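The values are calculated or read from the model by the stated rules, or taken from the named source; none is laboratory data. Just so we're clear, the structure is a prediction, and the values are computed from it rather than from any experiment. We place every Cβ from the backbone using ideal geometry, glycine too, and count neighbours over all the protein chains shown.
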Amino acid sequence: MQKRIRIATRKSPLALWQANFVKSQLLKHHPELIIELVPMTTQGDQIIDRSLSKIGGKGLFVKELENALLNNEADIAVHSMKDVPMHLPPGLIMSATLPRGSIEDAFVSEKFHTLESMPIGARVGTSSARRKTLLQRQYPHLESVDVRGNVQTRLKKCETGEVDALILAAAGLERLDLSSKITQRLSIDEWLPAPGQGAVGVESRVDDFSIHHYLQSINSQDTWDMVTAERALSRELNGGCGVPLAAYAMLESDELFLRAWWVSPDDQRFSYAEARKHRSRAETLGEEVANAIKQSTHSRHTS
C-alpha cells in the first residue's frame with residue numbers, strides 16, 4: 001500500500017512554492033509516495049490592514065496549519081522558519097529544514113538605485129520591527145510605512161507609488177522568479193537577518209514516526225544547526241514580530257559563528273553579542289549569546 005502524505009500550506013504563491021519544493025524533494029528520495037497539498041488561508045493572510053504585533057504576531061501564519069496537524073487533516077505543515085513561533089503546541093515538532101536560501105534583505109524600488117540615495121521623507125515599506133529599527137537608526141530621514149500582504153501585493157504598492165521602496169527577503173523574491181525586482185542586496189554586516197530567514201521548515205506530529213523517517217531524508221543538517229542556534233537565542237529573548245531582533249549563525253567548517261542584536265521595547269538600548277561553538281552545541285550557543293545580550297542590557301540599565 002502506497003504511503004500518502006498531506007501537506008498543509010498557506011495559499012500565497014510563496015507558501016505554495018515552499019510546499020511544492022518539499023513535495024519535490026520527498027518524491028526525489030521516495031518516488032513511491034503519494035503527496036497532496038492542503039492549501040489553507042490563515043488569519044495572518046486575512047488581516048492585512050494592521051501590523052502583526054497588534055493582531056497576535058507571526059503565529060497567525062501557522063495556527064490553522066498546526067490545527068490541521070492536530071486534527072489529522074494533514075500530516076506535515078510547511079513554513080518559513082522566520083514565521084514559526086519559538087514554542088510549538090504540545091504534540092507537534094519541527095522535523096526538518098530544507099537547504100537554506102539567501103539570507104539577505106533586498107531593497108526594491110522603481111525610483112532609486114540604492115537605499116543610500118533616497119531623499120528626505122521618502123517612504124520605505126516594511127512590516128518588520130527589525131527593518132524599521134535599522135531604518136530609524138541608519139536612515140532617520142526616511143519614513144517607514146507598514147506594508148502587509150503577500151510578495152506580489154507589496155510589489156504592487158511600490159509599482160503604484162504608494163511607497164517609494166520596499167525592503168523584502170531576497171529568498172522570497174528568488175523563489176518566485178522575481179530576482180529582477182531586486183534593486184540592491186543589503187549587506188548582512190549592516191542588515192543582519194531575522195532568525196530563520198531564508199529557511200523552510202517542516203512541522204509534524206511528535207508521534208508520527210513514519211513521517212519522521214521520510215523527512216529525515218530531506219533534512220539539511222547545516223540549515224538545522226544554524227536555525228537551531230538562532231531560534232534558541234530568539235526563544236531566550238522572547239523574540240516575536242514586535243521585538244526588534246536579528247540573528248545569523250554562519251557555519252564555518254564544524255563551527256557556528258552566531259551574531260545577534262536586540263533593541264529594548266522602549267528603543268533606548270541596543271545590545272550586540274557574538275560567539276562561536278562547535279555545531280553540536282548550537283542550542284547552547286544561542287542561549288549563550290542571548291545571555292550576553294541580557295547582561296549587556298542589564299548593566300547599561302543599572303549604570
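Residue check: Val151 meets all listed conditions (1) more than 23 Å from Ser24 (Cα to Cα); (2) modelled with pLDDT under 95 but one, namely (1). For Asp164, the conditions (1) under 21 Å from Ala246 (Cβ atoms); (2) in contact (Cβ under 8 Å) with a residue 40 or more places away in the chain all hold with the exception of (1). Identification of strands (runs of 3 or more DSSP E) wholly contained in region 75-145 with 1 or more residues that are among the charged types (D, E, K, R) and touching a Pro at 6+ places or on another chain (Cβ under 9 Å) yields 105-108. In a residue-by-residue description of region 229-241, the property of being closer than 30 Å to Arg137 by Cα, touching a Lys or Arg at 6+ places or on another chain (Cβ under 9 Å) and surrounded by fewer than 20 Cβ atoms within 10 Å (Cβ to Cβ) applies to at least one position.
Checked against (1) within 22 Å of Pro119 (Cβ to Cβ); (2) assigned by TED's automatic domain parsing to the domain that holds Met94; (3) hydroxyl-bearing (Ser, Thr, Tyr), Ser210 meets all criteria but (1).
Over 16 Å from the mean Cα position of the chain (by Cα), modelled with pLDDT of 95 or more and not assigned by TED's automatic domain parsing to the domain that holds Thr41, is that true of Gly161? I'd like the intermediate steps shown before the answer.
Values: over 16 Å from the mean Cα position of the chain (by Cα): yes; modelled with pLDDT of 95 or more: no; not assigned by TED's automatic domain parsing to the domain that holds Thr41: yes.
No.
Assess whether Leu98 counts as being in contact with a strand residue (DSSP E or B) (Cβ under 9 Å, 6 or more places away or on another chain), at pLDDT 95 or above, surrounded by 15 or more Cβ atoms within 10 Å (Cβ to Cβ) and over 26 Å from Gly242 (Cα atoms).
Numbers: in contact with a strand residue (DSSP E or B) (Cβ under 9 Å, 6 or more places away or on another chain): yes; at pLDDT 95 or above: yes; surrounded by 15 or more Cβ atoms within 10 Å (Cβ to Cβ): yes; over 26 Å from Gly242 (Cα atoms): yes.
Considered against the rule, which asks whether it is in contact with a strand residue (DSSP E or B) (Cβ under 9 Å, 6 or more places away or on another chain), at pLDDT 95 or above, surrounded by 15 or more Cβ atoms within 10 Å (Cβ to Cβ) and over 26 Å from Gly242 (Cα atoms), Leu98 comes out as yes.
Annotation for region 168-182: at least one member residue is assigned to a loop (DSSP other than H, G, I, E, B) and either among the basic types (Lys, Arg) or in contact (Cβ under 8 Å) with a residue 40 or more places away in the chain (or both). Of the strands (runs of 3 or more DSSP E) lying entirely inside region 186-303, those carrying at least 2 residues that are at pLDDT 95 or above and basic (Lys, Arg) are 270-278.
Of all residues in region 199-210, count the ones that are among the aliphatic types (A, V, I, L, M) and surrounded by fewer than 19 Cβ atoms within 10 Å (Cβ to Cβ). Qualifying residue count for the region: 1.
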